[in-house]
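Working notes, structure below.
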Amino acid sequence: MASISSFQTSIKQKKIIILFTWFTRILLFLGFLPSGLKKLLGQRFTLIGIDDPIGFFFEALYRTGAYWNFLGLMQLTAGLLLLIPRTSFLGVLIYLPIIINIFIIVTAMQFTGTPYVVGLMVLANLYLLFWDLDKAKRLVSIIFEKS
């Protein structure tokens, strides 16, 4: 584990990696911005009809009302937290279960092409988790100390 930590520490000092990390945060924020806003504002996410399983799924989520709005709020919250250096780790922690859930949905429902895009978003989120490896290790140690 020491070699992983030393590798992570050394790459965090390279300007190109710092720029790549910011670019990744911005892209992940932009990935949730349109869908999160639509959900938060109570708008439909897609125009696919309910005769299609994908359209039926989104219509069912849309009709939940408050849950639909909550999904949008959490997407926007996670994205915004990624953009603020002090809160970016919290943003990563919130973003990860959301994007994994989306990945499972789009894979299970056999969306065309979308699993590739969402899979890259999962990898980008895991990269950001690695970026904050020291914080992740502290969080895990706190959780296991308490139990």
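Throughout, read-outs are computed from the coordinates displayed, never taken from laboratory work. This one's a predicted model, so the numbers in the text were calculated from it and none came from an experiment. When we count neighbours, we look across all protein chains shown, and the Cβ atoms used for this are built from the backbone with ideal geometry, even at glycine.
Region 4-78 and region 84-147 have Cα centres lying 11 Å from one another. With a Cα-only, solvent-free Debye model of the chain, what are the log10 I(q)/I(0) values at q = 0.18 Å⁻¹? For the chain at q = 0.18 Å⁻¹, log10 I(q)/I(0) is -1.08. Here the simple spin-label model places points 7 Å from the Cα toward Cβ, and for ARG44 and SER3 these points are separated by 5.5 nm. Between PHE130 and GLU145, full extension at 0.36 nm per residue minus the direct alpha carbon distance yields a gain of 3.2 nm.
Computed from Cα atoms, the angle from the helix 15-40 axis to the main principal axis of the chain rounds to 20 degrees. The residues SER3, SER35, SER88, when put in order of fewest to most other Cβ atoms within 10 Å, stand as SER3, SER35, SER88. Taking every alpha-carbon pair under 8 Å whose residues sit at least 6 apart, the chain reaches a relative contact order of 23 percent.
Cross-link check: pairs LYS12/LYS146; LYS14/LYS146; LYS12/LYS39; LYS15/LYS135 evaluated at a Cα-Cα cut-off of 26 Å; pairs beyond the cut-off: LYS12/LYS146; LYS14/LYS146; LYS12/LYS39. Find out how many positive minus negative residues lie around GLU59, taking Lys and Arg as positive, Asp and Glu as negative, among other residues whose Cβ is under 14 Å from that of GLU59. Within the 14 Å Cβ shell, the charges total +2.
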